[in-house]
1. Once you've got the GNM for the chain with C-alpha springs shorter than 10 Å, pick whichever of 25, 153, 43 has the biggest mean-square fluctuation.
2. Measure nothing but the geometry: give the 0 to 90° angle between the long axis through the Cα atoms of 2-20 and the longest principal axis through the Cα atoms of the chain, rounded to 10°.
3. Give the whole-number value, in cubic angstrom per residue, of the convex hull volume spanned by the C-alpha atoms of segment 10-157.
4. Once you have the alpha carbon radius of gyration of the chain, what is it after dividing by 2.2 N^0.38 Å, with N set to its residue count?
5. Going by C-beta contacts inside 10 Å, put 38, 136, 195 in order with the fewest on the left.
6. Can you compute the equivalent ellipsoid semi-axes for segment 152-245, i.e. the square root of 5 times each eigenvalue of the Cα gyration tensor, sorted largest first and rounded to whole Å?
7. For the chain, modelled as a Gaussian network with Cα springs under 10 Å, which listed residue fluctuates most, 89, 169, 182?
8. With labels modelled as points extended 7 Å from the Cα through the Cβ direction, what inter-label distance (nm, one decimal) is found for residue 203 paired with residue 166?
């Protein structure tokens, strides 16, 4: 009993620290924009705001890798695909953080559809936590989100991660953190995207995020972003072609140092 109590306490604290660093969000394009991404719809919406799935018109596969602070135990991997259905769009993703001593895996299924000026989506996640010599613990969580087109140039996006407040352990009522993200995206033309959003975890102060993307000749994108509390800088590059999208992001935390993330998406069917 004592062993399992220690296990649940440790896994809860690890999950909390992990989620507070934003690592349950993913995608090198999103990272390049400081994860000010709630109003943007693309393949990586499957790992961020499921409301973006309602805007997707193509079948695609994607994968990414991140190394945080040059620590091998903090590596993250993600892969998945999205496909357009007769009504709406579907996504399936897998995410892993950690190593053989401690890791978290998340398997998700998402669905989104567009209703008039708004896209709405929902995602079911299965979280599996593992600590060497202690075993594993699995729980389900639900995410919900939407993106609305206020005008041709302005979008509003919002999503909630872990809306059901999934419980990890009965002792001290330890739960996976619940986050609300809400923000605006401004597209003055086809080459520029400005985004800003607020992120609020139920038991912590809000975080402000802001990002900028500029696309050259419809092929090359440069990105930058910031986050407050703790202040973090983000930079990114992207290559865009008809079938292939390749992204890179560099994150600079003022205390912990640099993180690198790469991502690739392939359009299977237009």
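Just so it is clear, none of the values below were taken in a lab; they were calculated from the coordinates. Predicted model only: the values in this text are computed from it and were never measured. Note: ideal-geometry Cβ built from the backbone for every residue, glycine included; neighbour counts use all protein chains shown.
1. Between 25, 153, 43, it is 153 that shows the largest mean-square fluctuation.
2. It works out to around 20 degrees.
3. Working: hull volume 15.6 nm³, N = 148.
Taking only Cα atoms, segment 10-157 has a hull volume of 105 Å³ per residue.
4. Numbers: Rg = 17.9 Å, N = 270, 2.2 N^0.38 = 18.5 Å.
That works out to 0.97 for the chain.
5. Taking fewest neighbouring Cβ atoms as first place, the list is 136, 195, 38.
6. Numbers: eigenvalues 216, 43, 37 Å².
Whole-Å semi-axes of the equivalent ellipsoid: 33, 15, 14.
7. Looking only at 89, 169, 182, the biggest GNM fluctuation is shown by 169.
8. Those two pseudo-labels are separated by 1.7 nm.
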